[in-house]
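Following: one structure in structure tokens, then a few remarks.
The values are calculated or read from the model by the stated rules, or taken from the named source; none is laboratory data. Note that the coordinates shown come from a computational prediction; the quantities given were computed from them, not determined experimentally. For neighbour counting, all protein chains shown are included, and Cβ atoms are generated from backbone atoms with ideal geometry for every residue, glycine included. These area figures cover heavy atoms from the full protein model, side chains too; ligands, DNA and RNA do not enter into them. Shrake-Rupley method; radii C 1.70, N 1.55, O 1.52, S 1.80 Å.
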Amino acid sequence: YILTFPSLFSGGYVANSLAIMTDALHMLTDLSGIILTLLALWLSAKSPTKRFTFGFHRFEVLSAIISVLLVYILMAFLLYEAVQRTIHMDYEINGDIMLITAAVGVAVNLIMGFLLNQSGHLHSHSHSHSHVPQSNTPNAAHSSSHGHSSLAVRAAFVHALGDLVQSIGVLVAAYIIRFKPEYKIADPVCTYVFSILVVLTTVRILCDTGVIILEGVPRHLNVDRIKEDLMKIEDVYSIEDLNVWSLTAGKTTAIVHLQLVPGSSSKWEEVQSKARQLLLNTFGMYKCSVQLQSYKQEMTKTCASCQSSSA
């Protein structure tokens, strides 16, 4: 991707083809995703400081927003040029260069799809002979992580197929323009279609980063379900407070305040351990804090006006 994006964009510029440059722009969104993933892995290894006590996980969110804004700026420029070409039709496209560049784009996406498909097959085959039953143990969590990795590879493969379809569309447009120059309107039309695909690809990123910045609950978690499971722990009387948010994608944090049933204050360590295991293992929290307090009966307070009225 690092080598292909500038090659496609340069080829589109030389060929004067907006469709190829938009295809390269879509590839830029994929490249940004890869860079953000590597950045997240690098930042997760850095220790928190006195000023940034949570660490630097949110820098990934900031980088994602900047990347999406850069993509939108470039896309707005390409859309403006496409509208101008549609209105005035005073442009020429080098069909030969466009055809060659589009073919390169298709070849790259074919290679990426093949590699991802092989990776998925090898990954599933390496675990196909495991007959250990899953349970709520570290081994089960390890198996679950392999399942998530396999799903991630499959999702990347599906995304690569989408990129391949787009590149084939550009290749078809290049073929038409090369041999039927009078149909050069196909170039800005492809730009309109692929710009919609770029928006659909990035809007999910914006939604997820917005939820993280606003400290909302991640979409894969249900607060009511978490409360129900916490209430099932023995000696828990009530949940005074529960806050769930994400430091960054895939790193969820929770703070819960539990009240113990009357006479069970001596069991606070056992209750705290069970609550932590539930949050960390069952719901996959990255960090959690469990606060406990002994049972306190609510005192009924009668205001002065109520007392006077009853008198």
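Less than 5 angstrom separates the built amide H of Y237 from those of Q259, L260, V261, all sequence-distant by 5 or more or on a different chain.
Please report the carbon-and-sulfur percent of the accessible area for segment 223-293; probe 1.4 Å, protein heavy atoms only, DNA, RNA and ligands left out. Could you put the intermediate results ahead of the total?
Working: 1600 of 3680 Å².
Whole-percent figure for carbon plus sulfur exposure: 43.
Looking at segment 223-293 alone, DSSP beta bridges between its own residues are antiparallel in about 60 percent of cases. Ordered from longest to shortest, the equivalent ellipsoid semi-axes for segment 223-293 are 22, 11, 10 Å, each the square root of 5 times a Cα gyration tensor eigenvalue.
Evaluating 6.51 cos²θ - 1.76 cosθ + 1.60 at θ = phi - 60° for every residue in segment 250-264, the Karplus couplings come out as x, 10, 9, 10, 9, 10, 10, 10, 10, 10, 7, 5, x, x, 10 Hz, glycine and proline recorded as x. Put W245, W268, W42 in order of accessible area, highest first, and with a 1.4 Å probe you get W42, W268, W245. For segment 165-258, which GluC sites (Glu not before Pro) are both in a DSSP coil and crowded by at most 12 other Cβ atoms within 10 Å? Those satisfying the criteria are E215, E234. Solvent-accessible surface of segment 223-293, taken per residue with a 1.4 Å probe and all protein chains present: 52 Å². Maximal additional length on extending the Y183-L62 stretch stands at 39.3 nm, based on 0.36 nm per residue less the C-alpha distance. Modelled spin-label separation between L79 and K267, with each label point placed 7 Å from Cα along the Cα-to-Cβ direction: 6.0 nm. Among S294, S47, the sequence by solvent-accessible area, most first, with a 1.4 Å probe is S47, S294. Based on the Kirkwood radius over alpha-carbon pairs, what is the Stokes-Einstein translational diffusion coefficient of segment 23-79 at 10 °C with 1.306 mPa s viscosity, in µm²/s? This corresponds to a translational diffusion coefficient of 126 µm²/s. Of K50/K227; K227/K296; K50/K296; K227/K251; K267/K287; K227/K267, which sit over 31 Å apart, Cα to Cα? Violating the 31 Å Cα-Cα cut-off are K50/K227; K50/K296. Less than 5 angstrom separates the built amide H of S289 from those of A254, I255, V256, all sequence-distant by 5 or more or on a different chain.
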